[in-house]
Structures are given as structure tokens and as C-alpha cells.
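Engineer: If you scroll down you'll find the structure; I have some questions about it.
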């Protein structure tokens with residue numbers, strides 16, 4: 001099965017085993033659609049779900065009965081089955097689909113391979129070529145096209161050159 005990383009456990013919440021989760025989905029509510037999440041490859045059915053005023057998701061999972069049990073999950077990643085994932089809007093992609101793409105300019109110059117994407121104020125892409133790393137934020141205007149069929153992430157060189165950190 002193909003899984004997506006959909007969140008990270010920040011800490012236990014309360015005494016009943018609830019987990020406070022930072023979601024990696026467009027909307028925290030999207031996590032609820034999965035029904036079952038995986039932590040360290042073990043499935044956990046979602047028993048309760050709510051979004052707090054801070055935008056974090058709060059999950060009650062089967063098999064995590066109290067705060068002591070929940071504490072063991074601090075810092076762990078939540079995964080969901082790709083087939084349970086909500087459909088994305090046109091022009092939106094799952095990070096797992098972007099990783100490994102060849103990053104190229106519109107003129108065809110190969111800049112490197114997408115190695116990682118960090119979710120900060122905007123997504124920050126790390127590409128690597130010949131052992132050297134280049135970081136760039138995915139701000140408006142830098143990504144010209146995502147071509148999953150041909151395995152390419154096309155960027156506008158003029159914008160890329162202004163914002164990339166070598």
C-alpha cells in the first residue's frame with residue numbers, strides 16, 4: 001500500500017489519550033477522512049476528531065487509552081493510505097509525488113533532483129546535484145509546471161536565481 005505522511009504528533013492532550021497533531025494537509029479536517037492512521041506502521045482507528053482554535057487537530061485513537069500511552073507518540077509521524085486521501089484541487093500535489101522529480105528550468109537546464117520539502121511559511125524545496133544542495137521557497141512565480149508523467153518540476157530561471165540559496 002502507498003502511504004502519505006499526513007501529520008506529526010506534537011504532544012498528548014488531556015488525560016484520556018488524545019493527541020495534539022500538526023497536520024500536513026491543506027485543511028486539518030482532511031485527516032479525519034482517512035478513518036485509520038498509521039504510526040510506526042501500526043494502524044490506529046480514529047475514534048474522535050476535532051480542530052482546536054490553534055488550528056491543530058486533536059485525535060482520539062483506538063489503542064491509546066490515557067496520557068501515559070499518548071506520551072509515547074510524541075514526535076511520531078502519522079501516515080494515511082493514499083486511496084483514502086481527499087482529491088486535490090487542480091494544480092495541487094502531494095509532497096510524496098514531487099520528491100524525486102528532476103528540477104529543471106524552462107530552457108531544459110537540469111538543476112538537480114528534489115530531495116526534500118519542508119513545510120515552513122511556504123514550502124521550501126531542497127534539490128541536490130553532484131553532492132551540492134540548493135534550497136528555494138515555492139513562492140508564487142517560481143514553479144512553472146509540475147510534470148508528473150515525465151518526472152519533472154519546471155522552474156522559471158529568472159525567479160529561481162533571485163530566491164535560491166546555494
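The values are calculated or read from the model by the stated rules, or taken from the named source; none is laboratory data. Computed from a predicted model, the values in this text were never measured in an experiment. Note that each Cβ is placed from the backbone with ideal geometry, even for glycine, and that neighbours are counted across all protein chains shown.
Engineer: Quick one: would you say residue 64 is touching a helix residue (DSSP H, G or I) at 6+ places or on another chain (Cβ under 7 Å) and without any contact (Cβ under 8 Å) to a residue 60 or more places away in the chain?
Structural biologist: yes
Engineer: Another question, then. I need the strands (runs of 3 or more DSSP E) fully contained in the range 109-148, keeping only those with at least 3 residues that are on the phi > 0 side of the Ramachandran plot and modelled with pLDDT of 95 or more.
Structural biologist: The strands (runs of 3 or more DSSP E) meeting that bar number zero.
Engineer: Restricting to the range 65-78, what's the tally of residues that are closer than 13 Å to residue 9 by Cα and assigned to a loop (DSSP other than H, G, I, E, B)?
Structural biologist: Summing the residues that are closer than 13 Å to residue 9 by Cα and assigned to a loop (DSSP other than H, G, I, E, B) in the range 65-78 gives 5.
Engineer: Sort out which residues of the range 103-118 are under 19 Å from residue 4 (Cβ atoms) and either surrounded by 13 or more Cβ atoms within 10 Å (Cβ to Cβ) or assigned by TED's automatic domain parsing to the domain that holds residue 22 (or both), and write them in order of number.
Structural biologist: Across the range 103-118, the qualifying residues are 114, 115, 116, 117.
Engineer: Confirm whether residue 100 is part of a loop (DSSP other than H, G, I, E, B) and either closer than 30 Å to residue 140 by Cα or in the same structural domain as residue 122 (by TED's automatic domain parsing) (or both).
Structural biologist: yes
Engineer: I need the full set of residues from the range 11-33 which are within 15 Å of the chain's Cα centre (by Cα) and either assigned to a strand (DSSP E or B) or more than 20 Å from residue 118 (Cα to Cα) (or both), in order please.
Structural biologist: 21, 22, 23, 29
Engineer: Sticking with this one: Need the failing condition index for residue 131 against (1) under 21 Å from the mean Cα position of the chain (by Cα); (2) surrounded by fewer than 12 Cβ atoms within 10 Å (Cβ to Cβ), just the number.
Structural biologist: Here residue 131 clears every test but (1).
Engineer: Across the range 23-54, what is the total count of residues that are surrounded by 15 or more Cβ atoms within 10 Å (Cβ to Cβ) and either closer than 20 Å to residue 94 by Cα or touching a residue at least 40 places away in the same chain (Cβ under 8 Å) (or both)?
Structural biologist: Here the count works out to 12.
Engineer: Determine if the range 65-78 includes at least one residue that is surrounded by 19 or more Cβ atoms within 10 Å (Cβ to Cβ), at pLDDT 95 or above and within 22 Å of residue 120 (Cα to Cα).
Structural biologist: Yes: one or more hits.
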